[in-house]
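Taken together, the values in this text are just the output of simple stated rules run on the coordinates, not laboratory data. No experiment lies behind these values; they were computed from the predicted model shown. Cβ coordinates were reconstructed from backbone atoms using ideal geometry, including for glycine residues, and neighbour counts include every protein chain displayed.
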């Protein structure tokens, strides 16, 4: 069961990275088109800035979630190496519990916020304003899921292998 959980998380994290890379390409293309339209065509596309902002939200939130799974986030490892091994394991579990709790709180509040503004529209895109807050819900759930994976791995005496391996 644990191996299926690890495989699921690795697959989800890998796909999050693929989506984030596609989003980065979309941001570059959108901004390039905006600059081209503004300075060459003298006709700025009104949708470009809003599109780039939406893409930035998805890229950063999905990237943050993958960073939690692949241990690419800021940690307190310099302090952890100073404590005995028995204390280190407990501190690492507490850290992952706190990160997972943060993820759940972020998901909950992002969902509340998305629901509260879903009736409004992004003027230049015609899409609901709530889509700007969906990435925080997704990232929060994934951060909690990936933190749980780290906790189980620590209890089993294993390490979480990064998604790109």
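Once you put a point 7 Å from the Cα of residue 32 and another 7 Å from the Cα of residue 83, both along the Cβ direction, what distance in nm separates them?
4.8
Would you calculate the volume per residue, in Å³, of the smallest convex hull containing every Cα atom of region 123-165?
Hull volume normalised by residue count: 66 Å³.
So if we plug the beta-carbon distance of residue 159 and residue 131 into 1/(1 + (r/R0)^6) with R0 = 35 Å, what FRET efficiency do we get, rounded to 0.05?
Working: r = 36 Å, r/R0 = 1.02.
Here the calculated transfer efficiency is 0.45.
Report the label-to-label distance for residue 21 and residue 93 in nanometres (one decimal), using points 7 Å from each Cα along the Cα→Cβ vector.
3.7
Helix 134-156 versus the longest principal axis of the chain: what is the Cα-based angle in degrees, 0 to 90, to the nearest 10?
That works out to roughly 20 degrees.
Using only the alpha-carbon atoms, how far is helix 85-117 inclined from the longest principal axis of the chain? Give it as 0 to 90 degrees, nearest 10.
30
Compute the acute angle (0 to 90°) between the alpha-carbon long axis of helix 2-39 and the principal axis of greatest extent of the alpha-carbon atoms of the chain; round to the nearest 10°.
30
Kindly give Rg over Rh for the chain, based on alpha-carbon atoms, with the Kirkwood expression for the hydrodynamic radius. Please report the intermediate quantities before stating the final value.
Working: Rg = 19.3 Å, Rh = 17.7 Å.
Radius of gyration over Kirkwood radius for the chain works out to 1.09.
Taking Cα pairs under 8 Å and at least six residues apart, what relative contact order does the chain come out at, in percent?
It rounds to 27 percent for the chain.
Quick one: which of 31-41, 80-90 comes out on top by average Cβ neighbours within 10 Å, and what's the full order, highest first?
31-41, 80-90
Test of understanding: in a Gaussian network model of the chain with alpha carbons linked when under 10 Å, which of 68, 155, 137 would top the mean-square fluctuation ranking?
Result: 155 has the largest fluctuation of those listed.
Starting from the 7 Å offset along Cα-to-Cβ, what nm value, one decimal, do you get for the label separation of residue 102 and residue 40?
The modelled label-to-label distance comes out at 4.2 nm.
Specify the residue with the greatest mean-square fluctuation among 109, 132, 42, computed from a Gaussian network of the chain linking alpha-carbon atoms under 10 Å apart.
42
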